[in-house]
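Here the structure comes first, spelled out in structure tokens, and everything after it is commentary.
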Amino acid sequence: MSKTHQALRDDRNESVLIYVNGDLLPRADAKVSVFDSAFLVGDGVWEGIRLHEGKLAFVDRHFDRLYAGAKAIDLDIGMTRAELRREIDRTLEANDMTTDVHIRLMVTRGTKKTPSQHPDLIVGGPTVVIIAEHKAADPAVTTSGIRLFTSTVRRPGPEVLDQRLNCHSKLHEVIALIQAYKAGADEALMLDPTGHVATCNSTNFFIVKGGEVWTSTGEYCLNGITRGLVIELAAAEAIPSFEKPFSLTDVYAADEAFVTGTFGALTPVIEVDGRTIGEGGTGPITSQLAAAYRRLIHAL
């Protein structure tokens with residue numbers, strides 16, 4: 001099976017230094033407390049950022065989302081954007097990294113006095129972790145495409161957990177992925193509370209019908225950075241695109257489908273719930289948008 005986050009093996013990752021609250025530690029020594037709020041109750045926000053040819057791709061957009069999410073959950077990151085950027089740069093420099101790097105930036109509410117949900121029990125400031133790894137996407141995944149399975153787990157509305165938050169609380173997505181994996185698929189397609197298509201468990205989902213690109217309304221999915229860029233690129237390429245409700249019936253009859261994410265960019269979907277999508281390969285509009293995204297990345 002293919003995975004949208006499948007990377008080529010790189011032995012350099014065994015000796016990378018991990019940033020933990022200002023310290024750069026060998027991988028085996030990089031640890032946080034068992035009393036950390038993310039470990040106890042999934043309390044924190046994070047970003048995945050790509051380093052391409054010395055440039056942090058779309059870092060301002062990632063920081064916008066990170067700081068907005070932190071504000072929404074009343075979490076003080078404890079660093080300005082400029083200070084946090086310097087710590088990322090310091091981590092990359094310590095690891096002699098210049099390109100094909102994936103950065104996992106995590107900020108939790110911090111360590112607690114005792115296991116509890118209450119934010120007043122924090123001891124000290126937030127926990128900030130930066131994991132930078134040498135990761136090049138496996139081109140075989142883009143060539144072969146991926147298969148999706150529609151999970152019974154729904155994306156909840158904002159009155160339960162706003163899905164636009166890139167937070168540490170991901171258990172519903174993990175359960176959806178387990179269902180898909182056990183059904184022989186690569187990733188889970190998830191519906192919203194109304195039964196319309198929302199997103200995948202770790203990527204955003206698009207279909208192509210009659211020359212138009214469709215994606216969900218955005219109310220029940222992460223406001224993906226690559227998702228937003230693809231919508232902008234479609235406009236630049238004169239491809240009609242719509243954020244709208246649509247059902248599995250539309251998906252099964254789609255001409256093309258693809259998913260987007262920071263790591264894999266655009267990945268074609270060749271099958272959903274046993275139905276072949278289009279011709280079962282990468283369609284022309286998916287190819288056009290993928291090429292436009294590559295040009296955008298190279299122009300950074």
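The values are calculated or read from the model by the stated rules, or taken from the named source; none is laboratory data. Keep in mind that what you see is a predicted model, and the values were worked out from it rather than measured. Counting neighbours? That spans all protein chains shown, and the Cβs are built from the backbone with ideal geometry, glycine included.
Overview of results
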read-out: Tally, over segment 66-83, of residues that are touching a residue at least 40 places away in the same chain (Cβ under 8 Å) and surrounded by 20 or more Cβ atoms within 10 Å (Cβ to Cβ); value: 3
read-out: Tabulated pairs, segment 260-273, first more than 14 Å from V141 (Cα to Cα), second among the small types (G, A, S) and in a loop (DSSP other than H, G, I, E, B), C-beta under 9 angstrom, 6+ apart or interchain; value: T262/A57; T262/G224; V272/A185; V272/A254; D273/A183; D273/A185
read-out: Qualifying residue in segment 289-298 (condition: among the aromatic types (F, W, Y) and buried (at least 22 other Cβ atoms within 10 Å of the Cβ)); value: no
read-out: Single condition T276 does not satisfy, out of (1) touching a residue at least 40 places away in the same chain (Cβ under 8 Å); (2) surrounded by fewer than 17 Cβ atoms within 10 Å (Cβ to Cβ); (3) hydroxyl-bearing (S, T, Y); value: (1)
read-out: Residue match in segment 27-35 (condition: more than 30 Å from V160 (Cα to Cα), not acidic (D, E) and not in a loop (DSSP other than H, G, I, E, B)); value: yes
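The rows are residues; the columns are (1) surrounded by 17 or more Cβ atoms within 10 Å (Cβ to Cβ); (2) assigned by TED's automatic domain parsing to the domain that holds L105; (3) in a strand (DSSP E or B); (4) of a type in the set (F, W, Y).
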| site | (1), (2), (3), (4) |
| --- | --- |
| G184 | no, no, no, no |
| L189 | yes, no, yes, no |
| E219 | yes, no, no, no |
| N223 | yes, no, no, no |
| A234 | yes, no, no, no |
| I239 | yes, no, no, no |
| D250 | no, no, no, no |
| T260 | yes, no, yes, no |
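Results for (1) exposed (fewer than 14 other Cβ atoms within 10 Å of the Cβ); (2) free of Cβ contacts under 8 Å to residues at least 24 places away in the same chain; (3) of a type in the set (A, V, I, L, M), shown as yes or no for each residue.
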position	(1), (2), (3)
T108	no, no, no
V128	no, no, yes
T142	no, no, no
P158	yes, no, no
